[in-house]
Amino acid sequence: MMAEKYVTTSITPLESLDTLSPYEIAKLQDVSQGGLYRLFRQCCLAVLNSGSALDSTKMVLDKFSSFDIKISQKHRSVQLELLNAPAAAFVNGEIITGIREHLFAVLRDLLYVGSEVDECCPGISDSDTITNRVFHILRHADAIRPHIQPDLVVCWGGHSIERPEYEYTKKVGYEMGLRGLNICTGCGPGAMKGPMKGATISHAKQRIKNGRYVGISEPGIIAAESPNPIVNELIIMPDIEKRLEAFVRLGHGIVVFPGGAGTAEEILYILGILLHEKNHNLPFPLVLTGPEGSEDYFATVDAFIKATLGDEASKRYQIIIDDPHDVAEVMREGLEQVTRYRKATSESFHYNWQLYIPESFQQPFEPTHENMAGLKLMKDQPDFELAANLRRALSGVVAGNVKEPGIRAIEENGPFEICGEEAIMAPLDQLLESFVAQRRMKINYQEYQPCYRLRPEPEAVAV
C-alpha cells in the first residue's frame, strides 16, 4: 500500500514547449471567468490521476481539492509546479515519463485552441471554419501524418465494461495490430484502453517501433476518463463536437465495442453523417462487435437504430460477434477500399476533407435543462437531423452522469426532461433501460440514479 498520498514538485518538458510568452503564462494562471486556469488545472489533474476508478469529474475534483498547479518561465524552459499531486503519477519521486508528456500536451492544446485557432479561416462558411479549426489543432499536435496509407482505426466503447468485454477488446486490438493497423480511442479506460493494449503486443511481435496509440479527449470528459498509460499521442479538443469530428476526419474506419450512452452518442454521430446524401458513396468501414454474450446488447442497439433512423442506417454497419480475426480482416479490407477511393479522388490520406458533416453535428450543444427539454425528437425531419438531435439527447445523459456542470445541474434542478413523440421515446427508453440494467452508465452503481426523465408527446410536430 502506498503510504504517500500527495507529491509536491516541479517538472520541465522533455522535448517541446521550451518557451512561453508572458501573455501565455498569464492566461494559464488567470482565475477569472475568461481565463484558462480552471480548465488547465482540471485537465492536468486528470492526467496525473491516470488509472483511477472514479468516473465523475466532480468526485475527482473534490477528492483532490488541495491540488494546484503553477507555471513559470525559467532560464532554460517552461516549468510546472505541482502542489499536492496524486502520488500514483510518480516513481521514486520522479514523474512517470508518459504522464509528463501528457501534461505538456494539455498545455500545448489549451494554449493553441485559446489563441491561434480562434482566428482561423476568415471568409469561409461557419461549417468549413470548424472543419479547418479541427485540422489546425490536429496538425499542431503533430497528429497529421501525410504520405502514409490509411491505417488508423478508431475504437469506441464504454469505460464501464465487464472483464470479458475488456479482454475481447484486447484481442481485437491484437489482431488489428498484427496487420499493421494503428489505434485511436477516446483515451480512457475500458474499451478505450483494451484495443491499444492488444495492439502494443502485436506491434512488438511485428517489430513495429512507431505504433500509434492516439487518445482524443475534451476538457469536460477528461477528468472522468483519465488518459490510459498506453496513449502516446494525447490531443485535447475544445468540445465534444470537435472531438467527434477529429475522430472521423483523422481515422479511416471505426470499430464499436459495447458501451453506454456515450457510445450510443458516437454511433448516432457517425450514422447521421453517413446517412446524408453527400456521403452515400463514401467508403467508411464501421463494425459493431463484442464477445459471446453481447448478442442482446447489439440486438437492442440495432433495434433502436432501425426504429428511429430506419433500415437504411443499419446498412452502414456490420455486427460481428466473438470473432476478433474477422473484425480485423473486415477492417483491413475496408481500409484498402478507403485507400483506393482516396487515390481515385485525389483525397488526402491523412485528413478526410471530402466527408460532409452537417452543421447540426458541429455546433456545440450545451446540455442545460432548457436545451434538453427543447430537443426536436420526432420523425417528421430528415433522418440525419433526427440523428443529430438524438446524439444531443445522449450527450446530455453523459453530461448528467459524469461531467461536473451536468452533475451540478442535476443536483440543483433534478433530472433532465427529454420530450418527443412516442415512436422515438419508446425505443430510446428501451435503449437507456438496457444500459441501466447492464450497469453500463457508470463504474460506481451503488448510488446511481437516472439523470433524465423521458416524456412522450404523441402530438409533437417538427418545427
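Only the coordinates and a few stated rules stand behind these numbers; no lab work does. A quick note: this is a predicted structure, and the numbers were derived from the prediction, not measured. Please note: Cβ atoms are built from the backbone with ideal geometry, for glycine as well, and neighbour counts cover all protein chains shown.
When each of the peptides 412-422, 131-141, 166-176 is scored by the mean number of other C-beta atoms lying within 10 Å of its residues, the order from highest to lowest reads 166-176, 131-141, 412-422. Considering only 13, 414, 431, and ranking their Cα positions along the charge dipole of the chain that arises from unit charges at the beta-carbon of Lys, Arg, Asp and Glu, the one farthest toward the positive end is 13. Between residue 341 and residue 411, the C-beta separation translates, for a Förster distance of 56 Å, into a calculated FRET efficiency of about 0.70.
Taking the Cα centre of the chain as origin, work out the dipole magnitude from +1 charges on Lys and Arg Cβ and -1 charges on Asp and Glu Cβ, in debye rounded to 20.
Numbers: 46 positive and 62 negative charges, 324 e Å.
Charge dipole, the chain, about its Cα centre: 1560 debye, nearest 20.
Hey, which lysines would be in cross-link range of residue 442, C-alpha to C-alpha under 16 Å, not counting anything within fewer than 8 residues on its own chain? Hits, sequence-local ones excluded: 58, 403.
Working ranking of peptides 337-343, 385-391 by packing, defined as the average number of other Cβ atoms within 10 Å per residue, highest first, is 385-391, 337-343. Here residue 70 is the anchor, and the aspartates and glutamates within straight C-alpha reach of less than 13 Å, apart from those fewer than 8 places off in the same chain, are 24, 30, 81. Note that the chain carries a Kirkwood radius of 22.6 Å, evaluated over its alpha carbons pair by pair.
A Förster radius of 30 Å, combined with the Cβ-Cβ distance separating residue 94 from residue 21, puts the computed FRET efficiency at roughly 0.55.
If we sort 249-262, 313-326 on the protection proxy, mean other Cβ atoms within 10 Å, highest first, what's the order? Don't skip to the end; give the middle numbers.
Details: 249-262: 25.4, 313-326: 16.9.
Ranking the peptides 249-262, 313-326 by packing returns 249-262, 313-326.
When the alpha carbon gyration tensor of the stretch 326-463 is reduced to an equivalent ellipsoid, the three semi-axes, largest first, read 33, 20, 16 Å. Around the Cα centre of the stretch 156-213, unit charges on the Cβ atoms of Lys, Arg, Asp and Glu (plus for the first two, minus for the last two) sum to a dipole of about 340 debye. Annotation: lysines with alpha-carbon distance below 25 angstrom to residue 306 (same-chain offsets under eight excluded): 278, 315, 376, 379.
Ranking 272, 283, 177 by Cα position along the charge dipole of the stretch 176-304, where only Lys, Arg, Asp and Glu carry charges on their C-beta atoms, puts 177 farthest toward the positive end.
Take every DSSP beta bridge whose two residues both sit in the chain, then give the antiparallel share in percent to the nearest 5. List each step's numbers first, then the result.
Values: 13 of 39 bridges.
So the antiparallel bridges in the chain amount to around 35 percent.
The length gained on full extension between residue 83 and residue 204, counted as 0.36 nm times the residue separation minus their Cα-Cα distance, comes to 39.8 nm. Under conditions of 25 °C and 0.890 mPa s, the stretch 195-306 yields 153 µm² s⁻¹ as its translational diffusion coefficient, taking Rh as the Kirkwood radius over Cα pairs in the Stokes-Einstein equation.
Before rounding to the nearest 500, sum -39500 (n - 2.57) across all DSSP H runs of length at least 4 in the chain and divide by the residue total; then give [θ] at 222 nm in deg cm²/dmol.
Working: 17 runs with 206 residues, N = 463.
-14000 deg cm²/dmol, from helical runs alone.
Take the Kirkwood radius over Cα pairs of the stretch 103-217, plug it into Stokes-Einstein at 20 °C and 1.002 mPa s, and you get 136 µm²/s for translational diffusion.
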